[in-house]
1. Would you please give the residues with an amide H less than 5 Å from that of residue 356, counting only those at least 5 places away or on a separate chain, with H modeled from the backbone geometry?
2. With a probe of 1.4 Å, find how much accessible area the stretch 247-342 has per residue, and write the answer as a whole number in Å².
3. Mind jotting down the distance between the C-alpha centroids of the stretch 273-308 and the stretch 38-57, whole Å?
4. Straight-line reach from residue 313: which aspartates and glutamates have Cα under 13 Å away, leaving out those fewer than 8 places along the same chain?
5. At 1.4 Å probe size, with no ligands or nucleic acids counted, give the accessible surface of residue 160 in Å², nearest ten.
6. Sorted by accessible area with a 1.4 angstrom probe, largest first, how do 143, 300 fall?
7. What shape does the stretch 182-248 have by the C-alpha gyration tensor, where a ≥ b ≥ c are the square roots of the eigenvalues, rounded means a/c under 1.5, and otherwise prolate means a/b greater than b/c and oblate the rest?
8. Kindly give the semi-axes, whole Å and largest first, of the ellipsoid equivalent to the stretch 62-134, taking each as the square root of 5 times a Cα gyration tensor eigenvalue.
Amino acid sequence: MKKISKIWLFVALIVLVALAAWLLSGNKKKEEVSFVTEKVAPANIQNSITATGTIEPVTSVTVGTQVSGIVSKLYVDYNSIVKKGQVIAELDRTNLISELNTTKANLNSAQSSLNYQLSNYNRYKTLYEKGLVSADEYESARLSYQQASQQVATAKENVRKAQTNLGYATITSPIDGIVLSKSVEEGQTVAASFSTPELFTIAQDLTNMQVVADIDEADIGDVKEGERVSFTVDAYPDDTFTGAVKQVRQQATTTNNVVTYEVVISAPNKDLKLKPGLTASVTIFTAERQGVLSVPSKALRFTPTKETVGKMKIIDCNGKTKVWTIDGMNIRAIPVNTGMTDGIHTQITKGLQEGQEIITEIKVVENEEMPQAGNNERSPFAPGPRNRNRSNNKR
């Protein structure tokens, strides 16, 4: 029994050794390093910031009324085209006419009183000059005359006010434009005791709109008047509209501890696609360079090492900013001066010429090595190929 156990132990040991040799004899991978290069070429470099804004008319006026009353007539509706001075609504005039008649009556009464006091004053003046009345009586007559004269002036002002209020009952358009909103209907009572009621909103010209965008405080320093702008709206996702920065407003707005500034952007609207109130996604181009000599920005971040270049020799320079090029069996650094960058491309102002090839990155490729001749032997304990088993079965 002991002899049989030793034999099985020996067989198991051989199996383990064979299995280990088979596992260690698999294919090995070999890494090959190559350089990715690009040519120095002209490119368009742009810096931009994004924001959201609202489409608004350049000029819009809210039309109200300074007097209270019942709306008796409406002559316009939504989207009505109006001219400056055109009557767009009327209020009931009954009470206003009555008030005007009352003030006119008060004026007549005051005028009659003034005429009496004037005659009385002239009589007392004559008597006073002849010494027939006292100075006190004379002064009293003069005071009554002056008071009557002031009452006439007050009555005249009341008449003018009543006439003006009567004129306010006829509401006209202050500008040429289109009616955007209407807040009243015929028969509705409007009260102007504390504030002016809003009746209509009229936009002057919908072919010339503007976008009021909120720009974050971190970006507002780069926004200048005249900068090019493009924007889109959800209503026309396939259309891109263009404009320019017209105004950078100084008033800051703080919402949830976020400080923003309003920037006004022109928005030509000849085809009337843009409507007031639409939300615009705005891109403001704060800097642009067309056709400037540039390199990929990653080329400026590339730095070769002895481990990656193999037998090639690294020839460095003292430049703070540099790119690398292949010079035979050498990798040579070239000092450059840079300008504007958009993160992808960087402008080169000095050091390179168009067409030069520079290294942008290292590319590592893993290749499988063919196994050695001695490694072609398959473990006798490994399962055989499926095709072979199938051929045996067919036999």
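The values are calculated or read from the model by the stated rules, or taken from the named source; none is laboratory data. Values in this document were obtained by computation on a predicted structure and should not be read as measured data. We work out accessible area using only protein heavy atoms, side chains counted, and drop any ligands, DNA or RNA first. Shrake-Rupley method; radii C 1.70, N 1.55, O 1.52, S 1.80 Å.
1. When sequence neighbours closer than 5 places are left aside, the close amide H contacts are 40.
2. In whole numbers, the stretch 247-342 has 60 Å² accessible per residue.
3. 7 Å
4. 327
5. Surface accessible to solvent at residue 160 totals approximately 120 Å².
6. My answer, sorted largest first, is 143, 300.
7. Prolate is the answer for the stretch 182-248, as a/c is 1.5 or above and a/b outweighs b/c.
8. After scaling each eigenvalue by five and taking roots: 54, 13, 8 Å.
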